[in-house]
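*Asks:* Sharing a structure with you now.
Throughout, read-outs are computed from the coordinates displayed, never taken from laboratory work. Nothing here was measured: the structure is a model prediction, and the numbers come from that model. Glycine gets a Cβ as well: all are built from the backbone with ideal geometry, and neighbour counts include every protein chain shown.
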Amino acid sequence: MVSQQINGKVYDSETTVKGIAVYNLSEFSKAFTDDYGNFTLKASVNDTISFHSTFHNKKIVILKEEDFGRVMVIELQKTINALKEILISNNSNHKPFNEDKAEKTIKEEITKDSKANPHLYGTSSNYGLDFVRLYKLLFKPEKSKNQPEVINAKNLDSLFQHDDFFNKKLLNEDLKIPESLSQQFFDYTEAQAIDKKLLTPSNKLLLLDQLYTFSTSYLKILEEARKN
């Protein structure tokens, strides 16, 4: 679907809000609200838009056709504990908005929240969570000559298709990954950025150890999603 431009305004119980991070979890894009709470973002119908702030509860919206062609108004609820911390600090010096610091805090919030509520993040995979897309949106690892190449989902799919040791039986019985969820597990593992050197025969046990670790965390995420 062709992306369009969506315009919105974010406010809370008192006023419009500056510095709210607006993430399009479906399109790998983001924006911050300006001094008047306004934002502009490329998006399509059914995209998942996430609003995050240190001092407000997060809000997730699935875009509808009627959200385009008008100003989309979003109301956020203040986080009481965060507001108390501001009052206790009693710091009267105004500090300019630090986008890098805000984004780091928001990344931590989204990572934590995506584990607790994976069904809210995206719509492209089982339980609504596309691990690779979310990872790329949040962390955007920069390519460099010194950065090791990582194992991707295709590598893992090929490995479990053709390797005598890493086979479907190990995947299903030892790692406890159902065949129907194998591709999503490979996506999840890709997002963990495992060094591709572990694919070599001499590192087989190291890779197995990593897969055990990630299968446990992956299954825990799915269990939490089912409960919700």
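*Asks:* Kindly state, to the nearest 0.05, the FRET efficiency for Lys168 paired with Glu223, given R0 = 35 Å and r defined as their beta-carbon distance.
*Replies:* 0.95
*Asks:* While we're looking at this one, here's another question. Of all chymotrypsin sites (Phe, Trp or Tyr not before Pro) in the range 147-228, which ones are in loop regions per DSSP and have a Cβ with at most 12 other Cβ atoms within 10 Å?
*Replies:* Passing both the DSSP loop test and the Cβ count: Phe165.
*Asks:* Moving to a separate point now. Give a residue-ordered list of calculated ³J(HN,Hα) values for the range 177-191 (Karplus: 6.51 cos²θ - 1.76 cosθ + 1.60, θ = phi - 60°; whole Hz; x for Gly, Pro).
*Replies:* Ordered by residue, 3J(HN,Hα) equals 9, x, 4, 5, 10, 4, 5, 5, 5, 5, 4, 4, 5, 4, 5 Hz.
*Asks:* As a footprinting exposure proxy, order Thr216, Thr33, Thr79 by other Cβ within 10 Å, with the fewest listed first.
*Replies:* The fewest-first ordering by Cβ neighbours comes to Thr216, Thr79, Thr33.
*Asks:* Under 5 Å between amide hydrogens, which residues at least 5 positions from Ala191 or on another chain qualify, with H placed 1.01 Å from N in the peptide plane?
*Replies:* Hits under the 5 Å cutoff: none.
*Asks:* Calculate the spin-label point distance for Phe28 paired with Glu65, positioning each point 7 Å from the Cα along the beta-carbon direction, and give it in nanometres.
*Replies:* 2.9
*Asks:* Report the label-to-label distance for Asn203 and Asp157 in nanometres (one decimal), using points 7 Å from each Cα along the Cα→Cβ vector.
*Replies:* 2.2
*Asks:* Give me Asp47, Asp209, Asp164, Asp34 ranked fewest to most by other Cβ atoms within 10 Å of their Cβ, as a rough exposure proxy. Numbers along the way, then the final one.
*Replies:* Values: Asp47 23, Asp209 12, Asp164 5, Asp34 15.
So the residues, fewest neighbours to most, are Asp164, Asp209, Asp34, Asp47.
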